[in-house]
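The values are calculated or read from the model by the stated rules, or taken from the named source; none is laboratory data. Since the structure is predicted, the reported quantities are computational estimates derived from the model, not experimental observations. Heads up, the Cβs are rebuilt from the backbone with ideal geometry, glycines too, and the neighbour counts pull from every protein chain shown. Surface accessibility is based on the protein's heavy atoms, side chains included, excluding ligands, DNA and RNA. Shrake-Rupley method; radii C 1.70, N 1.55, O 1.52, S 1.80 Å.
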Amino acid sequence: MTHHFSVNRSSMGAMIRKSANRIAAGGAIALTALMASSSYAQTAVTVYGLIDAAIVYNNKAATSATTTGSSLSLASGTLQGSRLGFKGTEDLGDGLKALFVLENGFSVDTGQLGQGGLMFGRKAVVGLSGNFGQVAVGRQPDFAYTDQAIYTSSSPFGFSTLVNSAHAMNLDRTEGSRVNNSIRYDTPTGLGGFKASAIYGFGEQAGNNSAGQSAGIAGQYANGPFNVGLSYFQAKAASAAGVAATIPSSDTGTVCANVTGSAGDTCLKTLNLVGAYQSGPVLVYVSWSQVKQPLAGGAGARTLGGASNEKINVYDIGTTYRITSAVKLMAGIVQDRASFVGGATGRVMQYNLGVDYDLSKRTDIYSLLGSQRTSDMVAPGIYGAPGTDKSQNVLLVGIRHTF
């Protein structure tokens, strides 16, 4: 018996094409998965960030050379600087890893880049880590501003702009400063609670290698509820005497008084001694910072960090109390004692209160209140200078989200 089959060539072609497409798609998926598996086995990359925005009320903001008025504004990074970052490591074998971090800062209220408009103004480093510790080169903070280091014990308000000006206009570097053209070494963890760090910033001034350079060293001991840290940082003038000189190896906008010196002379010395102790829900902070400007001179206005400001001692004592797992209260007092050329002195007192409420592990809302009083010098202000006035009160209500 003979059987006859009728085949539709068009249908058969379509079936073949579909099968081929499925095989190709399956192969591509398998190849992609294999490549991804191979890649992730060697390299781990993390995208992270933080967005912080607050409404700020200032009772005295300068409106002219002699008058003030209240202001209401939206600000970015009032508790912590808003940022977007990328970090990664590659396993090179035998405990050695390559690492990189690229982190920018930005303003939530305007969308502009921070740190003077730099693409990766907060951090841009590449380096190696292993049993010897870690070495990184690029633009990076010194130990005074690193997470879990000096700043964590310097104030209950951490990175907050609430205490930035009261900490010697950040010349003590606890509220955020970086070192350009730098190489940094950190000891490995697991040394009985002790960790040390050293950083060097190349001045990159032709003909004078010491001009514009900076260097710092620090150590920290953390064991159980007790944490103590010590850091020292110094910078050298990049050029001959001028009222203020930018330090090429330090953060954008960072200047030191340079009235009496030459290129390569030390223009800034900063020493920080901090301690913190945890007892149940209470964490107590105590810190002392001393800032010296050896090249200060002249009879300029008595301002913190100004051309006539020879020395500043900063005293900060504060506490946090966790009422519940989600609610934390903060309180602190900061005092600046400033010395000026000719023997004049001035003082800044600032009282701070705050409350922080965790909505989740990644989102919290907060309110901060700062009250500053100044005597025998120009008031630095908390959020913008108050002009000729000697006092200022600031209230912030904000939200912070990490990812």
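Provide, for q = 0.18, 0.23, 0.27 Å⁻¹, the log10 of I(q)/I(0) from a solvent-free Debye sum over equal Cα point scatterers in the range 334-399.
-0.71, -0.92, -1.10
Near the amide H of Gly114, under 5 Å away, which other amide H atoms are found, from residues 5 or more places off or on another chain, if H is placed in the peptide plane?
When sequence neighbours closer than 5 places are left aside, the close amide H contacts are Gly105, Phe106, Ser107.
State, to one decimal in nm, how far the label point of Tyr57 lies from the label point of Ala299, with both points 7 Å from Cα in the Cβ direction.
4.3 nm
Solvent-accessible area per residue for the range 217-353 at a 1.4 Å probe radius, Å²?
Numbers: 5800 Å² over 137 residues.
Value returned for the range 217-353: 42 Å² of accessible area per residue.
Work out, in µm²/s and without decimals, the Stokes-Einstein translational diffusion coefficient of the range 227-309 at 10 °C, 1.306 mPa s, Rh from Kirkwood over C-alpha pairs.
Details: Rh = 14.1 Å.
Stokes-Einstein gives a translational diffusion coefficient of 112 µm²/s.
Using the basic label-point model (7 angstrom from Cα toward the beta carbon), what is the Asp265 to Asn131 distance in nanometres?
4.9 nm
For the cross-link pairs Lys269/Lys311; Lys236/Lys269; Lys60/Lys292; Lys87/Lys123; Lys60/Lys390; Lys236/Lys292, which exceed 21 Å when the distance is taken from alpha carbon to alpha carbon?
Cα-Cα > 21 Å for Lys60/Lys292; rest within.
Using protein chains only and a probe of 1.4 angstrom, how many square angstrom of Arg362 are accessible, to the nearest 10?
Number for this one is 130 Å².
Using the alpha carbon gyration tensor of the range 269-308, what are the three equivalent-ellipsoid semi-axes (square root of 5 times each eigenvalue), largest first, in whole Å? Intermediate values should be presented prior to the final figure.
Numbers: eigenvalues 244, 24, 3 Å².
Gyration-tensor ellipsoid for the range 269-308: 35, 11, 4 Å.
Along each principal axis of its Cα atoms, how long is the range 294-403 end to end? Whole angstroms, biggest number first, please.
53, 26, 24
Any idea what diffusion coefficient the range 198-337 gets from Stokes-Einstein, in µm²/s, Kirkwood Rh on alpha carbon pairs, 37 °C, 0.692 mPa s? Please report the intermediate quantities before stating the final value.
Values: Rh = 16.9 Å.
Roughly 195 µm²/s, to the nearest whole number.
For an R0 of 45 angstrom, estimate the FRET efficiency from the Cβ-Cβ distance between Ile323 and Asp94 and round to the nearest 0.05. All intermediate terms of the calculation are to be shown ahead of the outcome.
Working: r = 48 Å, r/R0 = 1.08.
For Ile323 and Asp94, the calculated efficiency is 0.40.
What number comes out for the charge environment of Val126, summing +1 per Lys or Arg and -1 per Asp or Glu over other residues with Cβ under 14 Å away?
Working: positive: Lys87, Lys97, Lys123, Arg139, Arg184; negative: Glu90, Glu103.
Neighbourhood net charge equals +3.
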